[in-house]
Every structure is written in structure tokens, then in C-alpha cells.
Amino acid sequence: MGLNPASHPGITVRSPTLEVFRMLRRLVTGLCVVLSTLALAQGKPAAPNKDAGTPAPPPKPTAAATVKDGLSTPESVLYDAETDTFLVSNINGTPLTKDNNGYVSEFAADGTVITAKLIEGGQKGVTLNAPKGLALSQGTLYVADIDTVRLFDRKTGAPKGEVKVAGATFVNDVFAAADGKVYVTDSGLKAGKDGFEPSGTDGVYVIEPGKKPKLKTLLKSKDLNRPNGVLATADTLYVVSYGANELHVLDLNGKKKAEPTKLPKGGLDGLLLVGERFFISSWEGKAVFAGKPGEAFVEVVSDVNAPADLGFDVKRNRVLVPRFLDNQVEAWDVK
Ligand SMILES: [Ca+2]
Ligand SMILES: [Ca+2]
């Protein structure tokens, strides 16, 4: 009878099959420990190495130029390619106060002051209360001012008339189209107990130029959600909502052409078209977004508090951002 090693108390002889099985089990267990450790490491941020110090965050992008001198509640920036300068409207006070102290300043592209007050309320026969949107057409500067669009000589700043926007409570933006027509928005806001409240007058108008400029109503609708920035191409009118995150697409008669495009954030103000790209400023996002109607907009300028009506320096490819609450204008390089 042969010896049964497994049953003998003093002798341990391993069967080869059992040994292989045990080795495999150890390997698998070890592998599981390694894998679960790796998984944990991936799920958890690495603990900061105190000896090496916490690595510094990458530097935040900054504006290429900043203007701080002589600004008081700047609302709009308009770049004039002919002179390579830019104009800034200064509300100087609150947006709806008829204090006749508003002014328009002119700066070189690097931010140097050229004329501190090219146009000033209360001086040289000028009335100007709370200037907002600016537009330039055939040597005439159009300035939005509460319930009126005022006209001035671009070079001298001399007054050249005015167009009352009957029924409007908050004339905000003006845009000069290639054919000389000037489009106007009424944001439909009035002073309330806690800041501004809707007046229900939301609308878009057009001024037809001439010896006696004529105002025409294109659309009055609360669906525009406090219309602010406006621009027109040869066949389309674009309007952004201050009370929403919408870019509205209309025909030149104010009829809806397409569903509004939604932006990542609302409180929209400035509206520019550069090539085929739209640039839109957002108070809610403290940012400037870029994109095309019907497509996703991306953030191209960040960390700009209260960015109002944008300008564009075509020579240097810079978005000009008036920071309404900070009394400064910034020029940002964009690709
Ligand atoms: Ca004022
Ligand atoms: Ca505006």
C-alpha cells in the first residue's frame, strides 16, 4: 500500500496542481490591490507636496490696454477706423437721470486721452443727459440718450439735431447700417423701487436719415426681453436681450426670421459682427462670448465686471470693453 502523503500528519507534500492554483490566487489578489490603489489615486486629487510648495496657477489673461482716466459710467465704445481713435459715452450719474452732464470722450488706440470731452451736456448748446449707444454715419455721430437720439458733428462735436423716440423709456443702443439707416433699441425699463423694472415698451426703431430724419417703429414686443445691443446686415437685424440670454434674428422690417439663439449666460449688452463672428457681452457671465447665430457661443474674454456696449479695433483685432461699474475701458486681444 502506498503512502498517502496528504493524510500523514508529519509530512507535507504539495501537489503541483494545488501549488499552481495558490500562486495564481496570490497573483490575482496582488493585482486587485494594485488596480484598486490606482483607481483610488485617479479618483482623488494628489495631495500637495509640502516640500515642493503648491504649484502656482497659470497667469490669468489680462487686457492689452486699460483706460481709467476721465471716465464716468462708460456705456459704449465706438472705434473710428478713419482716425484710429475710439469714442466713449459717459453717463456720468445714473442711466435715466436728466442731469445734462453726460459727455463723449476720444482716446488714441493705446488709451491716451485725445479730447477729454468732445461733446458735453450743458456746453456749447449741447443737451446730453445719460449717453449710451454710439453710431457713426456719414460724418454724423448718433447718441442714444434716455428717450431721444441726439445727432452731432463727428469732428467738432457740434449738435446737429435730435430724434425723439416717442413712448420709449430707455433708449439704449444705436447702429448705423451701410445704407445710412440707424437702428435703435428701447430696453423697456424704468426706475423702480429696487433699481429698474419693466416699462413694457420694449421695441426696435429705425431712423431714416435726411434733412429731417424720420423715425419708424419696426417692432414693439415684450418677447424681445429688454432689447439692448442691435446690428443690421444687408438683410437681417440682430438684437440681444438684457433680460435674457437671447440673440434675436429679425428681418429689416422687424419680423422674426428664426428662433433666438441662446447664449451660455444672460444680461446681454454689446453686440458686434467681425467677419462672420458675433461678439456679445454678458453682465451675468462677466464675459464676452463669440459665435454664430444657431450655433454654440464660447467665452473669449473672461472676468470683466459689467461689460456694456462693445467696440472693435479693426487694426489691432481688439474687443473694446467698457466696464460700466468700474469707470474703465479695456482693450482685449482676440484671435
Ligand atoms: Ca448724467
Ligand atoms: Ca447697451
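For this structure, a couple of remarks:
- Across segment 208-219, coupling constants 3J(HN,Hα) worked out from phi with the 6.51/-1.76/1.60 Karplus curve, θ = phi - 60°, read 8, x, x, 4, 10, x, 10, 9, 10, 7, 9, 7 Hz, and Gly and Pro carry x.
- For LYS190, the lysines whose Cα comes closer than 21 Å to its Cα, not counting residues fewer than 8 places off in the same chain, are LYS98, LYS132, LYS164, LYS220, LYS222.
- Magnitude of the charge dipole for segment 65-333, about its Cα centre and with charges confined to Cβ atoms of Lys, Arg (+1) and Asp, Glu (-1), is about 780 debye.
- Relative contact order of segment 65-333, pairs being alpha-carbon contacts under 8 Å that are 6 or more residues apart, as %: 14 percent
- Averaged over residues, the count of other Cβ atoms within 10 Å places the peptides 196-207, 54-65 in the sequence 196-207, 54-65, highest first.
- Between ALA158 and THR62, the contour length at 0.36 nm per residue exceeds the Cα-Cα span by 30.9 nm.
- Treating r as the C-beta distance of THR115 and LYS216 and R0 as 45 Å, the FRET efficiency rounds to 0.85.
- Extended-chain gain in nm, criterion 0.36 nm per residue less alpha-carbon gap, VAL298 and THR233: 21.2 nm
- Cα gyration tensor category, rounded, prolate or oblate, for segment 120-204 with a/c compared to 1.5: oblate
- On the basis of the beta-carbon distance and an R0 of 35 Å, ASP194 and GLN123 show a calculated FRET efficiency of 0.55.
Bear in mind that the values in this text are calculations on the coordinates, not laboratory data. A quick note: this is a predicted structure, and the numbers were derived from the prediction, not measured. Virtual Cβ from ideal backbone geometry, glycine too; neighbours counted across all protein chains shown.
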